[in-house]
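Beneath this line is the structure, given in structure tokens, with notes to follow.
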Amino acid sequence: MAQSRRFTLFCALILVTCLPWAISDDEQKKWATHFNNPTISTLNSNEISPLFAEYTHEFSITAVIARNSGWTLGEVKTRLLYAAEIYSQCKVRVSQIKFVVVDAPPGLRFLSRTENPFATTEGYEVQVERGSDSMLAVSIPETEKPVLFYWEDVESRAGPAYAQSAYANKLEPKLAGTAYFSFVRTLNNEEFYRPYQKHGTRIVDAHELAHLLVDFDHQEEPKNILSGWHYNMSEKILDWQCEAIRRSPLVRLIP
């Protein structure tokens, strides 16, 4: 009996201190500073990226999911595991995905997009129309990027999904490295994303991540991950895009 109790205690200690989903108090407090009731979980590299692939570089992803927005943790996990599989063709693995489920802050329940963040100030004054995305982005430490927000939208004001890459955010640098995915209750969300159904709607996540990692706009020909038209979009990442991903400040060399 005593031996059984010792074994049970040992197992409990392992669960608390060693497994990847044990979240530190500091991590919990960091997110609770900006968001109410954060629930944090993680997937690590052995649970994410295909084991048969050969990797030279890696990056991590933070997914912030608004509670009661329509998005579920299970759906977001499925989408990002698919994205990780796509990036393995560049010998780049996803080392960790952190999922943070939060209550949307007051006044920020619905997603709206900051307009004109890419305009230049040379020779004239630029008006930036700030959306809820800029207020969400300012809460995120740079070390958490790339950050993907899964949020509620109203009648597709922000569009199905969009990325705020570094090249497009000279006036709003805090937005750089973030992407946003809409759930629209007033529409059928499945129909909302149906144009991307050729590969399953999950390819949208990999596409927006590519904007952040390649730091480039749409590239239509040949068909590839950065194609802007849904019928042209492909899981294929071109050689020059893979090179750009490996050079990205969001990506690191595996020691």
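Every number here is computed from the coordinates shown, using simple stated rules; none is lab data. Only a predicted model underlies this, so the values are computations on that prediction, with no experimental measurement involved. Quick reminder, even Gly has a Cβ in these numbers, built from the backbone with ideal geometry, and neighbours come from all protein chains shown.
Which order, highest average first, do 232-243, 27-38 follow once you tally other Cβ atoms within 10 Å for each residue and take the mean per peptide?
232-243, 27-38
Rounded to the nearest 0.05, what FRET efficiency do residue 75 and residue 36 have when you use their Cβ-Cβ distance and R0 = 30 Å?
After rounding to 0.05, the efficiency reads 0.85.
From the phi of every residue in segment 215-230, what ³J(HN,Hα) in whole Hz does the Karplus formula 6.51 cos²θ - 1.76 cosθ + 1.60 yield, where θ is phi - 60° and glycine or proline is x?
Taking θ as phi minus 60°, the curve returns 6, 8, 7, 5, 9, 7, 10, x, 4, 7, 5, 9, 4, x, 8, 4 Hz for segment 215-230.
If the limit is 32 Å between Cα atoms, which of 77/236; 29/236; 30/77; 30/236; 30/223 go over it?
As for pairs spanning more than 32 Å Cα to Cα, those are 29/236; 30/236; 30/223.
Starting from the amide H of residue 67, placed 1.01 Å from N in the peptide plane, find each other amide H under 5 Å away whose residue is 5 or more places distant or on another chain.
102, 103, 104
For the residues 67, 93, what sequence is obtained by ranking on other C-beta atoms within 10 Å, fewest first?
Taking fewest neighbouring Cβ atoms as first place, the list is 67, 93.
Given 0.36 nm per residue, what is the gain on full extension from residue 142 to residue 46 after removing their alpha carbon distance, in nm?
Computed gain between residue 142 and residue 46 is 32.1 nm.
Once amide H atoms are placed 1.01 Å from N in the peptide plane, what residues at a sequence separation of 5 or more from residue 230, or on another chain, have their amide H within under 5 Å of its amide H?
Long-range HN contacts for residue 230: none found.
Between residue 252 and residue 67, 0.36 nm times their residue separation minus their Cα-Cα distance comes to what?
Taking 0.36 nm per residue and subtracting the Cα distance, the gain is 63.5 nm.
Please tell me the relative contact order of segment 209-253 in percent, rounded to the nearest whole number, where contacts are Cα pairs under 8 Å and at least six residues apart.
In percent, rounded to a whole number, it is 33.
Extension gain residue 25-residue 216, at 0.36 nm per residue separation less the Cα-Cα distance, in nm?
65.0 nm
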